[in-house]
Every structure is written in C-alpha cells, then in structure tokens.
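Working notes for the structure below.
The values are calculated or read from the model by the stated rules, or taken from the named source; none is laboratory data. Note that the coordinates shown come from a computational prediction; the quantities given were computed from them, not determined experimentally. Using ideal geometry, Cβ is built from the backbone for each residue, glycine included, and neighbour counts are taken over all protein chains shown.
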Amino acid sequence: MTGSNNNIYMPFKAVIEEAIDMGCNVKFFKVIPIPPHPPLSKGGRGGFIDYIPGQFFMVSQWGAGEAPISVTSTRGLQRHIEFAIKKVGAVTTVLHKLKKSDTIWLRGPYGNGFNADAAKKRDVVFIAGGIGIVPLRSLINFIQMHKKQYGKIFLLYGAKNPSEILFKEDLKAWNKKGIEITLTVDVKDESWKGNTGVVTGHLDRVKTDFKNACSYICGPDIMIEKTMKELTSRGMPDRQIITTLEARMKCGIGKCGQCYHGIEYICTNGPVYTYEEIKKRRVYGP
C-alpha cells in the first residue's frame, strides 16, 4: 500500500503527532500526511491537504479495516489534520490503541462538505448532538475566521451527560469571541448547574429571525429529524437547513452499498444535504 500523487482512491500514510484521550470513548488525533500524498486542490498552498468542513477521510490500519471519519480541523488554521474518533466497533477500537509517532492510512478527502456560502450575511445557528460536534467544529472555526461575512453565530450543543461534552476549551474560546452558546445535557450530575433536556427544547434561547437565518445540524438521526422539523415550524426555509448524514457510510466511494438510501449513495452524493434536498431525493428516514 503506497501513497499517490494523482489518485485520491489510493491510501496514503500519515504519522500521529498527538493522541489525546478525551474521555467518553473518544480519542483526539492530530496527524501529518507523509509525502507523497494526494495533490492539493486548486488554491491549495503551503503543503496543506485541501479539504473543506463536512468532508471525511477513510481512516485505516492494516488487518483491522477502515472507517469513515469526519475532519474536525479547519484547513488554513492547522497544517495537520485532526480527527476525534469514538470507539464504537472493531476498527475504531484498534485506532484507539494508537499513540504518538504511530502511523495510520488515509483515503480522501471525500464528500461534498458544508456550503458555508449559504449562510453569508445571515445569522448562523449550529445545532449539535453528542459526537455531532466533531464535524461542526471545523465549520464553526471556518465561519469564525470569516465572521465579518456572517451575522450572529449561535451554538446549541447537547450531550447525554456533562462528562460527554467535548472540546470544552473550544467552547470557552468561542464564547469569548462572541458565539452565543447554549449547552444542555440529558442527565445532570451533582456538579451540573446548566440546562437539561434535548437541544430542540432550547431553541427559544436563539434570538434570531429564523426565516432569514441558516442552520447547520449534526447528531443522532432522531435528533436531526426532530430539529429540521422544529426549524421549519419556526419559518426557516428548507434550503437554509443543512445537515450531514455521514453516520450511514461505509466505503466512501459508492461501492459497498451500505449508505444507499432513497435514490442515491450518501457517501458520493453527500454526506451534506439541505432539508430541501432530503425531501426531494428521499435520502432520509428509517
């Protein structure tokens, strides 16, 4: 298995620069691609692998297989690529055993990514559930970098319990930069003095004109479905409700059929869709 300068379907090697246990079965990795790696897209410079928020890589280890993992870093902010990987199966269990200076293999980036232009000159409402904060972190940082092009920025983030809230330092930094953050948990502990309940139960805290705002959503299926319907009921147009469905993917290139739903493969046609596209193309549902 060797890297390639012209074929994004070939895996390439990367070295782990940092591996941090975030708790709640999530491990954070910073990786640096080892040349040769896939070419930079037009506009890429300075040795960066070019990708956009919402895209994903297939991450693998010999003998264990591979898994689709969303990028949580933001190209232009870091030279490395960042992943936050939840241990949920055989492949991710092996990945969790890796440490600094170990190597992994990557394919990609794949997927259409988030359309950040859809929110320009609008208020932006990020809504994350659990591990869904991972791909949204990339977009939050991107929009924060270009905040003059956007209106107010809100983040509603829900977790099962306080110990499962991820990127706590980022949350503090975003708050200092003016992002209005509402945290909530399903089950509180003795130390938790904040909100409880599902994220949709706290939408009243978002002081915006929903008809003219744009929302980006990521989380469990049931949370995504309920959130999209709630935003619609508040007047947000379907084309301004944007979500990612990457949890349904397996191979990343439309070969295994795992993510075929409705009329298309989510890995090759998505994983990011507007609510308008979801309704029209029937890519959502049980």
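Each residue in the range 166-189 was checked for being hydroxyl-bearing (Ser, Thr, Tyr) and over 19 Å from VAL125 (Cβ atoms), and 0 pass.
When the test is whether a residue is within 20 Å of GLU18 (Cα to Cα), outside the structural domain of ASN141 (by TED's automatic domain parsing), among the β-branched types (Val, Ile, Thr) and out of contact with any His (no Cβ under 9 Å at 6 or more places or on another chain), VAL71 passes it.
Looking only at residues in the range 59-68 that are closer than 13 Å to VAL94 by Cβ and either of a type in the set (Gly, Ala, Ser) or crowded, with 22+ Cβ neighbours inside 10 Å (or both), the one that is modelled with the highest pLDDT is VAL59.
PRO162 satisfies every condition listed in (1) within 18 Å of the chain's Cα centre (by Cα); (2) surrounded by 14 or more Cβ atoms within 10 Å (Cβ to Cβ); (3) under 26 Å from ASP221 (Cβ atoms) except (1). Only residues that are surrounded by 11 or more Cβ atoms within 10 Å (Cβ to Cβ) and over 21 Å from ALA84 (Cβ atoms) were counted in the range 183-210, giving 17. Restricting attention to the range 209-223 and to residues that are in a loop (DSSP other than H, G, I, E, B) and not charged (D, E, K, R), the residue that is nearest to ALA118 (Cα to Cα) turns out to be ALA213.
The residue of the range 260-286 that is farthest from the chain's Cα centre (by Cα), among those that are part of a loop (DSSP other than H, G, I, E, B), at pLDDT 65 or above and crowded, with 16+ Cβ neighbours inside 10 Å, is GLY270. Hey, any hits in the range 132-143 for a residue that's surrounded by fewer than 20 Cβ atoms within 10 Å (Cβ to Cβ), free of Cβ contacts under 8 Å to residues at least 40 places away in the same chain and assigned by TED's automatic domain parsing to the domain that holds THR244? No: the range 132-143 contains no residue that is surrounded by fewer than 20 Cβ atoms within 10 Å (Cβ to Cβ), free of Cβ contacts under 8 Å to residues at least 40 places away in the same chain and assigned by TED's automatic domain parsing to the domain that holds THR244.
Filtered by the rule that a residue be surrounded by fewer than 18 Cβ atoms within 10 Å (Cβ to Cβ), at pLDDT below 95 and either more than 22 Å from PRO53 (Cα to Cα) or in contact with a Gly (Cβ under 6 Å, 6 or more places away or on another chain) (or both), the range 230-259 gives LYS255, CYS256, GLY257, GLN258.
Restricting attention to the range 19-31, does a residue exist that is among the basic types (Lys, Arg) and either modelled with pLDDT of 90 or more or over 24 Å from THR244 (Cβ atoms) (or both)? Checked the range 19-31: at least one residue is among the basic types (Lys, Arg) and either modelled with pLDDT of 90 or more or over 24 Å from THR244 (Cβ atoms) (or both).
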